[in-house]
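Working notes, structure below.
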Amino acid sequence: MSALEPREAEAVAVGEAVAPRDTSRDRDTKGSVLDGDHRALSIGIVSVVLLIAFEATAVGTAMPVAARELNGVSVYAFAFSAYFTTSLFGMVLAGQWSDRSGPLASLTAGISAFAAGLLLSGTAGGMWLFILGRAVQGLGGGLVIVALYVVVSRAYAEHLRPAIMAAFAASWVVPSVVGPLAAGTITEHLGWRWVFVGIPVLVVVPLALALPAIRRTASGPADPAAPLAAWDRRRIGLALAISAGAGLLQYAGQELRWLSLLPAAAGVALLVPAVRGLLPRGTVRAARGLPSVILLRGIAAGSFIAAESFVPLMLVTQRGLSVTLAGLSLAVGGATWALGSWIQSRPWTEPYRERLVVLGMVLVALAIAAAPSVLITAVPVWVVAVAWGFGCLGMGAVIASTSVLLMKLSAPEEAGANSAALQISDGLSNVLLLAVGGAAFAALGGGAVGHAVSSDAATGSHPTAFAAVFLPMAGVAAVGAWVATRLHAEPVRA
């Protein structure tokens, strides 16, 4: 399960007039996500999340075989980071788009790009064309995920938001179990390409369910009476800079040559001002309140995804598991992720939300640290499944809680911009930590493990390359446990 993948959704007609937002709904503690006002919208949103969930679990399972057949194991991390790199631009664009005229156009364009990217990757004849498809898919994902957050902030009262996020997390359970099994079976009997080209067919049902309900409940700008805001060209320029900078750093990390210092320096030069301009002041230093919420989202998502991306490859090449079994090792995470999200949605947890998030990050750090223990042949491979189950339990609580806190701390007219900042932190951290992990993996001979992706894969000879990915990510997650103690603002002193 990818922490970057959306847990909320929405869509609206551009420029469609709507009534002003009824703020009394936030004071009303009655109703549910399946009452008459929300039923169609909730079912439509969950359908969109199901599509994303099947994509994430299926593609992750097929990725090792695709990389081997396209002679691209040495740039394996690019297949994941390309998605996150382009999604950064999509997130900023979607934030402005949604705040100006509602999220319908952003959601529709995003799902279209998402499907087009899958088709491009599925028909690619080489690894770099495959990576280009992942980049197109990432642009679509960035457009979709911010639109999803905006609709939740507008269409659901504050007391319903934890529940709808728990429902989104629960929608990952079946795909997490069925996705790897289906993808592994398809990969082994029909070929990995069918995993990619088959998923776009599922786009039709979520669109048919979600769009009409979103048009009715959350369309148009937050304040229809206000003048239509102009596009912020500066922020769009910063979005391009942050995407280009992240891509240059990823490239430099994979090449590992002295000349790579040049693109690395250029990447840093682009990223630093872009991050300062797109994220709230104080994010980097973990200032209390909203800045720490946004920083924690990046730390949690980046460390977890950077580690999870290498789990199937490690099990296939170092322990000889089939692609199907390697994917299923992560399946239990779908259920525990949903459980963690459900726990944070209970009313009795609200006073203890910060402690719950701290505990969640501790579980994530321990899970990542325990995963490479299977590099020791005496350790049974089921240890990864158990560890990842606990890690996903923590992630379910952390990801949902950061979303709830963001919406609680955001004014309606700032929901798009702040949601974009949250997702930028998420996506940028994924890119940077995948770059670091990929560089360490390649430097210690990780590219050679591609020759072990076969029936005798247990003879893989580079276990230290995997340890160099997992152990630093566990340290990053441990830092996140400290940041989690700073999610509430300092009390005002008289």
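The values are calculated or read from the model by the stated rules, or taken from the named source; none is laboratory data. In this text the structure is predicted, and so the values were computed from the model without any measurement. Because the Cβ atoms are built from the backbone with ideal geometry, glycine has one as well, and the counts that use them run over all protein chains shown. Quick note on the areas: whole protein, heavy atoms, side chains included, nothing else; ligands and nucleic acids left out. Shrake-Rupley method; radii C 1.70, N 1.55, O 1.52, S 1.80 Å.
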Task: Selection count, the range 120-146, where residues are surrounded by fewer than 24 Cβ atoms within 10 Å (Cβ to Cβ) and farther than 24 Å from Tyr251 by Cα - done: 0
Open item on the list: So the check is Cβ under 8 Å with 6+ separation or different chains; which pairs have a first residue in the range 356-377 that's on the phi < 0 side of the Ramachandran plot and a second one that's open to solvent by less than 10 Å² (accessible area, probe 1.4 Å) and not in a helix (DSSP H, G or I)?
Closed with: Val357/Leu487
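Among the residues of the range 245-263, write down those that are at pLDDT 75 or above and either surrounded by fewer than 18 Cβ atoms within 10 Å (Cβ to Cβ) or not hydrophobic (A, V, I, L, M, F, W, C) (or both). It would help to see each step written out before you state the result.
Here is the first cut: in the range 245-263, the residues at pLDDT 75 or above are 245-249, 261-263.
Within the range 245-263, Gly245, Gly247, Leu261, Leu262, Pro263 qualify.
Looking for whichever is open to solvent by 20 Å² or more (accessible area, probe 1.4 Å), without any contact (Cβ under 8 Å) to a residue 40 or more places away in the chain, over 23 Å from Ala82 (Cβ atoms) and assigned to a helix (DSSP H, G or I) here; the options are Arg285, Arg281, Arg276. Which one fits?
Numbers: Arg285 fails: assigned to a helix (DSSP H, G or I); Arg281 fails: assigned to a helix (DSSP H, G or I).
Of the residues listed, the single one that is open to solvent by 20 Å² or more (accessible area, probe 1.4 Å), without any contact (Cβ under 8 Å) to a residue 40 or more places away in the chain, over 23 Å from Ala82 (Cβ atoms) and assigned to a helix (DSSP H, G or I) is Arg276.
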TODO: Determine, yes or no, whether Tyr149 is out of contact with any Lys or Arg (no Cβ under 8 Å at 6 or more places or on another chain) and of a type outside the set (Asp, Glu).
DONE: yes
Task: Subset of the range 147-159 that is over 20 Å from the mean Cα position of the chain (by Cα) and open to solvent by 10 Å² or more (accessible area, probe 1.4 Å) - its residue that is nearest to Val92 (Cα to Cα) - done: Arg154
Task: Unmet criterion (only one of (1) farther than 22 Å from Ser98 by Cβ; (2) open to solvent by 50 Å² or more (accessible area, probe 1.4 Å); (3) in contact with a helix residue (DSSP H, G or I) (Cβ under 8 Å, 6 or more places away or on another chain); (4) at pLDDT 75 or above) for Gly267 - done: (2)
TODO: Just name the residue that is modelled with the lowest pLDDT out of those in the range 155-185 that are polar (S, T, N, Q) and closer than 18 Å to Met395 by Cα.
DONE: Ser176
Task: Positions within the range 62-81 being open to solvent by 10 Å² or more (accessible area, probe 1.4 Å) and either among the basic types (Lys, Arg) or under 17 Å from the mean Cα position of the chain (by Cα) (or both), in sequence order - done: Arg68, Phe78, Phe80
Open item on the list: Please return the ranges of helices (runs of 4 or more DSSP H) entirely within the range 294-394 where 1 or more residues are open to solvent by 10 Å² or more (accessible area, probe 1.4 Å) and at pLDDT 90 or above.
Closed with: 332-345, 353-370
Task: Criterion violated by Leu88 - all others in (1) at pLDDT 85 or above; (2) closer than 29 Å to Leu279 by Cβ; (3) of a type in the set (A, V, I, L, M); (4) open to solvent by less than 10 Å² (accessible area, probe 1.4 Å) satisfied - done: (1)
Open item on the list: Ser401 - would you say it is within 20 Å of the chain's Cα centre (by Cα) and hydroxyl-bearing (Ser, Thr, Tyr)?
Closed with: yes
Task: Hits in the range 219-244 - residues which are modelled with pLDDT of 70 or more and hydroxyl-bearing (Ser, Thr, Tyr) - done: Ser243
